[in-house]
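S.K.: Sharing a structure with you now.
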Amino acid sequence: MRDVPVSMEVFSGQQLEADRIHDTPDIIAATPSVNFTPVGGNLRNTNFSVRGIGSMVLGAGVDSSVAVYVDDVFIGNGASHNAELFDIERVEVMRGPQGTLYGKNALAGAIHIHTAPPTAKTAALGEVSYGNYNYVNGRGYVNGAFDDDGLVGRLSATVTRRNGTEHNISAENVNTQDNWALRTQVAGANANGFSLRVIGDYARDRAIRTAGGDFTTATEYSDVSDPYHQQRDIFGLTGKATWEGKDATLVSITGLRTLQFANPGSDLRPQNYFRQGQYDRQRQLSEEVRLISPQDQRLRWLSGVFLYGETWSTKTFRQLFDVAPLWGLSYGHREQSTADQSSASGAVFGDFTWGVTDQWDIGGGMRYSRETKSIDYHHTANDGVSAMGRLQTLKQHREFDDLSPRLVTTYTWSDNAKTYAKIERGFKSGGFSNLAANSTHLGFDAETGWNYEMGAKTNWLGDRATLNVSVFQMDVKNQQVQVLYPTGGVVTSNASSSVSRGFEVDGTVTPEKHVSLFGRFSYADARFDEYRDAPIQGTIGQTENVSGKRLPFASQYSYDFGLAWYSFVTPWTRLTARAGYQFKGPIYFDVGNRMKQPGYGQINGSLGLDGEGWEVRLWGKNLTDTRYRLWAINEGAQLGISAGPGDPRTFGMTGAVKF
């Protein structure tokens, strides 16, 4: 981490388990300057932002500004970004554009999830947790060698059940969990420097996941007559082959992934206003090849090729009942958007670092990307009358290409201090609005950003303390912004320019062997620099000038701090404790800065005993039971503002046995 000229956070598998970090949103909550929002409480509608830069992703039309990878495979659909984490080696969260070193071009940042690989050591783990809301989780793995020739395997699994955490007046409680996941791996190597790792994974989610209600009362209870019953199935197959030669290493990463998703339900209200839902089926195939030089020479380099293909079929419907007369429509009026989309992209990239002296390195990189996207779109109504989107059938095709450079210099002042400065460009292709569009032109433009950054990474007190600092400015052109119409349609437009300026500080101190302290602070002033015709959420066709307004879903400042402590109570038994405080500054849920969530903090902690091959731990999250909103949507004068809460206080006990 210290040697990489990137502002980043790294979470070890041990830290993930100790802090009860079991999904991507938990990772984001623990990372200052990074935000995650499940818009509408829907697993399909996600919003990642880094340093305030991100895009609300409602469906398949908009790519995320933050790239997510699992075992080096790019995950192209937002509905798969927040799957459960289990048996993880480490997670890396990187800030700023990423594109000259690997995979898909990422405009704002990247999240890398590395699962624990199989090894030759025979080992097994079984873990069971129980908590409030009848939370039950079982997870574990078995690992070992198949033979004496280096063929190894690993089987990991997790099962989670939980009652709803949000009280619902009109029906069953919401925000439940009912999911399980399985991962199997086989790996081997020979004496000629060749190794192969094959990973298969499957995850199944069946739950009442959407908690929401009126903006003023959403943090206390829901009042929903027909909550959304979400169903998600994810399958993946990964192959990673490596050839280590004398002069270079060749790596091939092949990924096949599929997603099926369904989300039928009502309108987040007790009245029988309408029923709506989404059905998705996504498939993706990717291939990446990297050629990497030895790292012990003055000129280090990397080159690569990335190929990616995706198909996504989506169907979204809304059927009106009691609200129909308010909109001048007949009871039972139903409209439906269907879209079959495909995309194909390819890129070549390269990066180098040249050691000018033993202390001074200069480097750079370049990436050329080309992407094509097509859509076959239909919007229909059962009575031939349109209220949500234009009735039409369209086939459209778009092409995008981009050249993204990177320049970086680093200077090592001593074994304990390194500084860096860099300029880099990020790119995100345009796409199509695919949900109840009101225009015959479905397309929106590509988004680009220039990141200017300087930083320092230092160690102190004989490596018992670290202090890292970074300052940045990111200028974004044509930022993609989605706004939901009251009638259910979504409009995607481009803001002319946005800017994010700020800094990040993080540090650790180990004052003595048994105690470690940490703290992190982030400030990002992210605003629309020029956006004169922004759609007003809650209206149809009305626009306003939001230049100078804060970007939505972006905390201006956030921080966390905490400690970890242990002490041996017997020569074979250790008492451990962890405690931390996380604070997220105020955020706005709309481009006009009308809907606001004030800043809020949470306290998390654990207390455990462990010995040779066993562990018992008490844990708690959001111990002060802080109530806050994760999202809000203005659906117009007739329907008002809906919002959804974050998790309340949760606590429980975990027991684990390891062989």
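The values are calculated or read from the model by the stated rules, or taken from the named source; none is laboratory data. A quick note: this is a predicted structure, and the numbers were derived from the prediction, not measured. Virtual Cβ from ideal backbone geometry, glycine too; neighbours counted across all protein chains shown. All accessible areas refer to the heavy atoms of the entire protein, side chains included, with ligands and DNA or RNA removed. Shrake-Rupley method; radii C 1.70, N 1.55, O 1.52, S 1.80 Å.
S.K.: Any idea of the accessible area per residue across the chain, 1.4 Å probe, to the nearest Å²?
M.R.: With the other protein chains kept in place, the chain gives 40 Å² per residue.
S.K.: Still on this structure, I have one more. Using only alpha carbon pairs under 8 Å that are at least six residues apart, calculate the relative contact order of the range 1-151 and give it in whole percent.
M.R.: 19
S.K.: Mind grabbing the accessible area of Tyr581 for me, 1.4 Å probe, Å², rounded to tens?
M.R.: Near enough 60 Å² of accessible area.
S.K.: What's the center-to-center distance, using Cα atoms, between the range 352-392 and the range 560-581 in Å?
M.R.: Centre-to-centre distance over Cα atoms comes out at 45 Å.
S.K.: Taking N as the number of residues in the range 18-140, what is its Cα Rg relative to 2.2 N^0.38 Å?
M.R.: 1.14
S.K.: What number results when the radius of gyration of the range 515-659, computed over Cα atoms, is divided by 2.2 N^0.38 Å?
M.R.: Relative to the rule-of-thumb radius for its length, the range 515-659 sits at 1.49.
S.K.: Can you list the residues of the range 486-522 with backbone N under 11 Å from a point 7 Å past the Cα of Leu467, pointing along Cα to Cβ?
M.R.: Correct set: 506-508.
S.K.: Using helices alone, I'd like the mean residue ellipticity at 222 nm for the chain: each DSSP H run of four-plus residues gives -39500 (n - 2.57), total over residue count, nearest 500.
M.R.: Taking each H run of at least 4 residues, the total per residue is -500 deg cm²/dmol.
S.K.: Given Lys457/Lys513; Lys240/Lys658; Lys428/Lys457; Lys422/Lys584, which pairs have Cα atoms separated by over 25 Å?
M.R.: Beyond 25 Å between Cα atoms: Lys240/Lys658; Lys428/Lys457; Lys422/Lys584.
S.K.: How many angstrom lie between the C-alpha centres of the range 102-147 and the range 241-266?
M.R.: Result: 16 Å between the Cα centres.
S.K.: Give me Rg over Rh for the range 581-659, both radii from the alpha carbons and Rh done the Kirkwood way, two decimal places.
M.R.: Answer for the range 581-659: 1.22.
S.K.: Which one, Gln359, Tyr331, Trp243, is farthest towards the positive end of the dipole of the range 234-361 when Lys and Arg carry +1 and Asp and Glu -1 on their Cβ?
M.R.: Result: Tyr331.
S.K.: Starting from the Cα coordinates of the range 123-173, work out the convex hull volume and express it per residue in Å³.
M.R.: 67
S.K.: Take the Cα radius of gyration of the range 334-461 and divide it by 2.2 N^0.38 Å, with N its residue count; two decimals is plenty.
M.R.: 1.68
S.K.: Going toward the positive end of the dipole of the range 353-508, with +1 on Lys and Arg Cβ and -1 on Asp and Glu Cβ, which of Phe400, Ala436, Val471 do you reach last?
M.R.: Ala436
S.K.: Right, another one. What number, in percent, do you get for the relative contact order of the chain if the mean sequence gap of Cα pairs under 8 Å and at least 6 apart is divided by its residue count?
M.R.: Value for the chain: 11 percent.
S.K.: Follow-up. Take the Cβ-Cβ distance between Glu530 and Ser414 as r, set R0 to 30 Å, and report the resulting FRET efficiency rounded to the nearest 0.05.
M.R.: 0.10
S.K.: To the nearest 20 debye, what is the magnitude of the charge dipole of the chain about its Cα centre, counting +1 on the Cβ of each Lys and Arg and -1 on the Cβ of each Asp and Glu?
M.R.: Dipole size: approximately 400 debye.
S.K.: Further, regarding this structure: Under a point spin-label approximation (7 Å from Cα along Cα-to-Cβ), what is the Ser497-Glu512 distance to one decimal in nm?
M.R.: Result: 5.6 nm between the two label points.
S.K.: Report the full-extension gain for the segment Gln271 to Ala344: residue separation times 0.36 nm, less the Cα-Cα distance, to one decimal in nm.
M.R.: Taking Gln271 through Ala344 to full extension adds about 21.9 nm, to one decimal.
S.K.: Return the FRET efficiency for the residue pair Gln297, Trp460: r is the Cβ-Cβ distance, R0 is 30 Å, and the value is rounded to the nearest 0.05.
M.R.: Plugging the Cβ-Cβ distance into 1/(1 + (r/R0)^6) gives 0.50.
S.K.: Can you give the accessible area of Ser567, probe radius 1.4 Å, in Å² rounded to 10?
M.R.: 40
S.K.: Sticking with this one: Report the normalised scattering of the range 319-380 as log10 I(q)/I(0) at q = 0.23 Å⁻¹, calculated by the Debye formula with identical scatterers on the alpha carbons.
M.R.: Cα-only, vacuum Debye calculation for the range 319-380: -0.94.
S.K.: Over the heavy atoms of Arg464, what accessible area does a 1.4 Å probe trace out, to the nearest 10 Å²?
M.R.: About 110 Å², rounded to the nearest 10.
S.K.: When Rg is the radius of gyration of the Cα atoms in the range 116-232 and Rh is its Kirkwood radius, what does Rg/Rh come to?
M.R.: Answer for the range 116-232: 1.22.
S.K.: Moving to a separate point now. Hey, could you grab the Kirkwood Rh for the range 154-201? Inverse mean 1/r over distinct alpha carbon pairs, Å, one decimal.
M.R.: It is 14.2 Å.
S.K.: Share of Cα-Cα pairs in the range 261-413 beyond 19 Å, in percent?
M.R.: That fraction is 70 percent.
S.K.: What number in nm² do you get for the range 228-298 if you take the convex hull of its Cα atoms and divide its surface by four?
M.R.: Result: a mean projected hull area of 7.9 nm².
S.K.: Moving on to the next point. Send over the per residue convex hull volume for the range 377-422, Cα only, as a whole number of Å³.
M.R.: 175
S.K.: Then there's this: Summarise the accessible area of the chain (1.4 Å probe, protein heavy atoms) by the percent that is carbon and sulfur.
M.R.: 57
S.K.: Would you grab the residues whose amide H sits under 5 Å from the one on Asp529? Only those 5+ places off in sequence or on another chain, please, with H modelled 1.01 Å from N.
M.R.: Ser497, Ser498, Val499, Gly548
S.K.: Taking Cα pairs under 8 Å and at least six residues apart, what relative contact order does the range 227-302 come out at, in percent?
M.R.: Computed over the range 227-302, the figure is 31 percent.
S.K.: Continuing with this model, one more query. Please report, largest first and rounded to whole Å, the three semi-axes of the ellipsoid equivalent to the range 63-110, where each semi-axis is the square root of five times an eigenvalue of the C-alpha gyration tensor.
M.R.: 18, 13, 9
S.K.: Take Val10, project a point 7 Å from its Cα along the Cβ direction, then tell me which residues of the range 489-504 have their backbone nitrogen under 14 Å from it.
M.R.: none
S.K.: Residue separation times 0.36 nm, minus the C-alpha to C-alpha distance between Phe146 and Lys121: what's the value?
M.R.: 7.9 nm
S.K.: State, to one decimal in nm, how far the label point of Gln319 lies from the label point of Asp23, with both points 7 Å from Cα in the Cβ direction.
M.R.: 2.8
S.K.: Quote the FRET efficiency, to the nearest 0.05, computed for Tyr331 versus Asp233 with a Förster distance R0 of 30 Å and r equal to the Cβ-Cβ distance.
M.R.: Efficiency for this residue pair is about 0.30.
S.K.: Also, I was wondering about something else. In the range 641-655, whose amide N lies under 18 Å from the spot 7 Å out along Cα-to-Cβ of Leu609? List them in ranges.
M.R.: From the range 641-655, the list is 652-655.
S.K.: Which of the listed residues, Thr115, Tyr133, Ala145, is farthest toward the dipole's positive end in the range 112-169, when Lys, Arg count +1 and Asp, Glu count -1 at the beta-carbon?
M.R.: Value computed over the given set: Tyr133.
S.K.: Evaluated at 25 °C with a viscosity of 0.890 mPa s, what Stokes-Einstein diffusion coefficient in µm²/s does the range 410-449 have when Rh comes from the Kirkwood expression over alpha-carbon pairs?
M.R.: For these conditions, the coefficient is 174 µm²/s.
S.K.: Would you compute, for the Cα atoms of the range 276-315, the largest minus smallest coordinate along each principal axis and list the three values in descending order, in whole Å?
M.R.: Principal-axis extents of the Cα atoms in the range 276-315, largest first: 60, 16, 8 Å.
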